[in-house]
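Single-structure report; data block below.
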Amino acid sequence: MNRLIGLWWLAKILYPAQFPEHIRAPTRDFYARFYHVTPSEAQIERVLAGRD
């Protein structure tokens, strides 16, 4: 399941000009929809930094 949001994350890393939007809101929505949790800003930061 993480692959879905991971593809967007990877696209932003490889092609930042083509994907200028922030990924925080979609990440929060993804975790709420598929895992039924609402991550904090610190948790989102850790996930997007690749530490979790």
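Restricting the stretch 1-39 to residues that are surrounded by 10 or more Cβ atoms within 10 Å (Cβ to Cβ) and among the polar types (S, T, N, Q) leaves a set whose member that is modelled with the highest pLDDT is T38.
Looking only at residues in the stretch 31-52 that are among the hydroxyl-bearing types (S, T, Y) and out of contact with any Pro (no Cβ under 7 Å at 6 or more places or on another chain), the one that is farthest from N2 (Cα to Cα) is S40.
Filtering the stretch 10-30 to residues that are touching a residue at least 12 places away in the same chain (Cβ under 8 Å) and touching a Pro at 6+ places or on another chain (Cβ under 9 Å) leaves T27, R28. Taking the stretch 40-52 as the search range and keeping residues that are aliphatic (A, V, I, L, M) and surrounded by 10 or more Cβ atoms within 10 Å (Cβ to Cβ), which one is modelled with the highest pLDDT? Checked the stretch 40-52; the qualifying residue modelled with the highest pLDDT is I44.
The values are calculated or read from the model by the stated rules, or taken from the named source; none is laboratory data. Quick caveat: nothing in here was measured; it's all calculated off a predicted structure. Here Cβ is always computed from backbone atoms with ideal geometry, including for glycine, and neighbour counts include all displayed protein chains.
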